[in-house]
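Following: one structure in structure tokens, then a few remarks.
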Amino acid sequence: MGKLDGLKPAEVFHYFEEISRIPRGSGNVEAVSDYLRAFAEERKLVCIQDELKNIIIIKEATPGYEKEEPFLLQGHMDMVAVKEAGCPKDMEKEGLDLEVDGDWLYARGTSLGGDDGIAVAYALALLDSSDIPHPRLEVILTVDEETGMEGADHIDLSVCQGRRMLNLDYEEEGVLLTSCAGGARVHGRLAAVREKTEGTRLEVSVEGLKGGHSGSEIDKGRANANVLLGRMMRFLPKEADARILSLNGGSADNAIASSAEAALVVKTEEVSRVKEALNRMQEILQNEYAAADPDIRICVRTGEDGCWEAFSRESTQKTAALLYLMPNGIQKMSADIPGLVQTSLNLGILRTQEDCVSLDYSVRSSVGSEKEMAIDKVCLLLSLQGTQYTVSGEYPAWEYRKDSPLRDRMVRIYGEMFGAVPRVEAIHAGLECGILGAKLPGLDCVSIGPDMKDIHTPKERLSISSTERVWNYILEILKEKTDER
């Protein structure tokens, strides 16, 4: 018996549970892609799996819909795989532990993967159906959307006939998305020199932050734990000479880091002064983030005395300065669309290797020239500190289409079903629609989805009732024929 048995729509939650048993963090998608291919083959559906493991599945129109224009349904199969501190689950090898709390579905101790597992579940339920009327369905399920949209960038869509597409990768019911920001990933690698250093080891962690998606939550004013490590290093008493052993935080470049850890070596006689400074830093941060991140805290654990291979004084200072100076968060708000973030930066991943510190930034902007400027600014600051860098995963903005028959149709159907007018919006988060639209000239696209909260975090949850309403909405969109409008 499945954990989600009894939830409606039954067919959607059945497949959500099925794919939740398969580890599918970005970069670890082979198993879920093979599952999708086997699903299609068992039902004798046309299926294309490319070398990156992208999947296209085609189901021909049901009787009476053969002359209707095909519909593209699109989402991504990978998820941001993060877990709570202390959670023992190996997300590379183990599936999720699903739980239900009232109207909310979540995964115990980890992210849920509703982004974008719900798109996969909707698509599989449609493909498996025998009684749902629809035109030809062309289902596109990409890989590694969360780490740079490589799947969408490389997928061959020449088999697709449709030019109207439902992207199922949004997290707020009642909103029709019609444009989004473009972006890129910047990877920096700052070389570090280590030397033998005597002192006491301190383990310092920044904890309790909400984190979130660097597109949809960047305007919430939440703290970034990686950035706070840089600020913390600058706040320490200069004469204390704290040296870095390691700095690590964050899980994905497009997720606001909710925790980070620093291992430091401090002269034994200076340990109490450093702890006092960190206590003052915690008070400052709790005051500054009282509304946006009320549970923020700095935890300090005293380790052993000894001789350690720590960063040199110069490497420690250069690393701390880089983290402190790099821009992060909102860079500019849109002057045309009230409340829309136009350009932002996010230091999502901070890692320490033996001889370097690596940093991964997510750059976003709905204005192409500003995106290029933001990338250039990050790269210039990295280079001034002697940091090597690369730019990857660049994707275009999805531009607003003034004439959209699909959008008009969806607004009308929504009003008929729910007695309300949906909000037509643009977002700062990146979607694959811009990349796919460049491959399908004339593409008319709208993005929708059910209510989800705190995506890309262990607190991620999906509304069960909203999932059902959006499912019924999708069915009505597919059911309506051209001559019935």
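The values are calculated or read from the model by the stated rules, or taken from the named source; none is laboratory data. Not measured: the values here are computed from a predicted model. Here the Cβ positions follow ideal geometry from the backbone for every residue, glycine too, while neighbour counts run over all protein chains shown. Please note that ligands, DNA and RNA were not included when accessible areas were found on the heavy atoms of the full protein model with its side chains. Shrake-Rupley method; radii C 1.70, N 1.55, O 1.52, S 1.80 Å.
For the reader, a short list of remarks on this structure follows.
- In region 321-340 there is no residue that is assigned to a helix (DSSP H, G or I), open to solvent by 20 Å² or more (accessible area, probe 1.4 Å), among the hydrophobic types (A, V, I, L, M, F, W, C) and under 19 Å from SER179 (Cα atoms).
- The lone exception for GLY442 - which of (1) farther than 17 Å from ASN254 by Cα; (2) open to solvent by less than 10 Å² (accessible area, probe 1.4 Å); (3) of a type outside the set (S, T, N, Q); (4) out of contact with any helix residue (DSSP H, G or I) (no Cβ under 8 Å at 6 or more places or on another chain) it fails: (2)
- Count - residues of region 257-290 that are open to solvent by less than 10 Å² (accessible area, probe 1.4 Å), in contact with a helix residue (DSSP H, G or I) (Cβ under 9 Å, 6 or more places away or on another chain) and not in a loop (DSSP other than H, G, I, E, B): 9
- For region 295-317, the set of residues classified as open to solvent by 70 Å² or more (accessible area, probe 1.4 Å) and of a type outside the set (S, T, N, Q) consists of ASP295, ARG297, ARG301, GLU304, ASP305, CYS307, GLU309, ARG313, GLU314, listed by residue number.
Yes/no per residue for (1) at pLDDT 95 or above; (2) open to solvent by 30 Å² or more (accessible area, probe 1.4 Å); (3) not hydroxyl-bearing (Ser, Thr, Tyr):
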position: SER26; (1), (2), (3): yes, yes, no
position: LEU36; (1), (2), (3): yes, no, yes
position: ILE56; (1), (2), (3): yes, no, yes
position: LEU72; (1), (2), (3): yes, no, yes
position: LYS93; (1), (2), (3): yes, yes, yes
position: TRP104; (1), (2), (3): yes, yes, yes
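- Matching residues in region 128-166 - criterion: being in contact with a strand residue (DSSP E or B) (Cβ under 6 Å, 6 or more places away or on another chain) and over 13 Å from LEU72 (Cβ atoms): GLU145, GLY148, MET149, GLY151
- Candidates in region 374-410 are the residues that are among the aliphatic types (A, V, I, L, M) and in contact with a strand residue (DSSP E or B) (Cβ under 8 Å, 6 or more places away or on another chain); of these, the one that is surrounded by the fewest Cβ atoms within 10 Å (Cβ to Cβ) is VAL391.
- Long-range neighbours under 7 Å by Cβ, at least six apart or interchain, first residue more than 12 Å from THR467 (Cβ to Cβ) and part of a loop (DSSP other than H, G, I, E, B) within region 99-116, second modelled with pLDDT under 95 and open to solvent by 60 Å² or more (accessible area, probe 1.4 Å): GLY109/LYS83; GLY109/GLU84
- Screening the candidates SER158, SER130 for the property of being without any contact (Cβ under 8 Å) to a residue 40 or more places away in the chain, part of a loop (DSSP other than H, G, I, E, B), under 22 Å from ASP444 (Cβ atoms) and open to solvent by 10 Å² or more (accessible area, probe 1.4 Å) yields one hit, SER158.
- Looking only at region 135-150, residues that are under 21 Å from GLY449 (Cα atoms) and outside any loop (DSSP other than H, G, I, E, B) come to 9 in all.
- Screening region 350-367 for residues that are open to solvent by 20 Å² or more (accessible area, probe 1.4 Å) and either within 21 Å of the chain's Cα centre (by Cα) or among the charged types (D, E, K, R) (or both) and picking the one that is nearest to LEU245 (Cα to Cα) gives GLU354.
- Restricted to region 458-473, and to residues there that are open to solvent by less than 10 Å² (accessible area, probe 1.4 Å) and outside any helix (DSSP H, G or I), the residue that is nearest to ILE218 (Cα to Cα) is GLU460.
- Extreme residue, nearest to MET91 (Cα to Cα), among residues of region 33-45 that are part of a helix (DSSP H, G or I) and either touching a residue at least 60 places away in the same chain (Cβ under 8 Å) or touching a helix residue (DSSP H, G or I) at 6+ places or on another chain (Cβ under 6 Å) (or both): SER33
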